[in-house]
Structures are given as C-alpha cells and as structure tokens.
1. Starting from the residue with the highest accessible area, list TYR57, TYR73, TYR89, TYR21 in decreasing order, probe 1.4 Å.
2. Please list, in order along the stretch 88-94, the HN-Hα scalar couplings obtained from phi with the Karplus expression 6.51 cos²θ - 1.76 cosθ + 1.60 (θ = phi - 60°), rounded to whole Hz, x for Gly and Pro.
3. For labels at SER80 and VAL108 in the simple 7 Å Cα→Cβ model, what's the distance in nm?
4. Give me a comma-separated list of calculated 3J(HN,Hα) values for the stretch 9-24, in order, Karplus coefficients 6.51, -1.76, 1.60 applied at θ = phi - 60°, integers in Hz, x for any Gly or Pro.
5. Filter the trypsin sites (Lys or Arg not before Pro) in the stretch 3-53 to those in DSSP coil with at most 14 other Cβ atoms within 10 Å of their Cβ, and list the result.
6. Return the loop-located trypsin sites (Lys or Arg not before Pro) in the stretch 73-115 (DSSP other than H, G, I, E, B) with at most 16 other Cβ atoms within 10 Å of their own Cβ; answer none if there are none.
7. How long is the gain from TYR73 to THR98 if the chain were fully straight, where each residue apart is worth 0.36 nm and the alpha carbon distance is subtracted?
8. Over the stretch 19-80, what number does the Rg to Rh ratio reach, with both radii from the alpha-carbon atoms and Rh per Kirkwood?
Amino acid sequence: MPPLAPVSGSIKLRDGTPVNYATVVFTPDASAGTHGPVAAASVDPSGRFTLRTASQYAGAAVGRHIVTVEAEYQPDVPASKRASIPGRYADRKTTPLTAEVVAGRDNVIEFTLTP
C-alpha cells in the first residue's frame, strides 16, 4: 500500500451554497506519478467530507489527484434541498478539479464549483 495522508475539506457552489448529497472521489493521477487506491467520501449536508479508501483506510494516496464530484440520489430528500452540481464535475475527463495530497500533514482542501 502506498503512503496515505488524511484528507478532509468542503465543497460549495460559487454563491457559497454548500454542495450536499454528493460523493467526492480522489483518483490518483498516474500521469503525475501518483499511484494507489481511489479515495472517496459522501459530502454531508453542510458540504464537508473526510476521505477513505475502498478498503476503509483513512485518507488518500500521497500525490496529485483528479477530483470528481457527483450527486447522490436521495429519494427521501426533495430536489429543492440538494445542490445542483454541474455535470462536468462528475467525469474524470472533464472535471477541472485537482488536488495535491501531502505526506505528514492533515490536508484540508476547499473546492468551489462554478457553472
């Protein structure tokens, strides 16, 4: 297992509205030399997240990541209560989001999504 570092943060829209009912995924960017497991988290109603790998290890692989954000289907939550996430953020090929996970520190990463 490559080295991992803790990663948490928040996601909001440009107007300051927290992105909620979403999944954030950090995929190691092999083109930048980063290898390891994908890390993901559900984004809570206040827009906060804490990453874990699929094996439930806390954090994400050290290095550069491509970051995607995708809406979670919540049948008991009205659409008016869910943040509208632009579709380009859900695809690794079109997302503009990247993040650098640094060893030996608590990585707190804030994202702002634009239309």
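The values are calculated or read from the model by the stated rules, or taken from the named source; none is laboratory data. Remember, it's a predicted structure, so these values are computed and weren't measured experimentally. Virtual Cβ from ideal backbone geometry, glycine too; neighbours counted across all protein chains shown. Note: areas computed on protein heavy atoms with side chains; ligands, DNA, RNA excluded. Shrake-Rupley method; radii C 1.70, N 1.55, O 1.52, S 1.80 Å.
1. On the way: TYR57 120, TYR73 175, TYR89 5, TYR21 55 Å².
Of TYR57, TYR73, TYR89, TYR21, the descending order of accessible area is TYR73, TYR57, TYR21, TYR89.
2. Once rounded to whole Hz, the list reads 4, 6, 8, 10, 4, 7, 10.
3. Distance between the two pseudo-spin positions: 3.4 nm.
4. Using θ = phi - 60°, the values come out as x, 8, 10, 9, 7, 4, 7, x, 5, x, 7, 10, 6, 9, 10, 10 Hz.
5. ARG14
6. Values: sites: LYS81, ARG82, ARG88, ARG92, LYS93, ARG105; in loops: ARG82, ARG92, LYS93, ARG105.
Here the trypsin sites (Lys or Arg not before Pro) that fit, given the DSSP loop and packing criteria, are ARG92, LYS93, ARG105.
7. Values: separation 25, 0.36 × 25 = 9.00 nm, distance 2.41 nm.
Computed gain between TYR73 and THR98 is 6.6 nm.
8. Values: Rg = 13.0 Å, Rh = 12.4 Å.
Ratio of gyration radius to Kirkwood radius for the stretch 19-80: 1.05.
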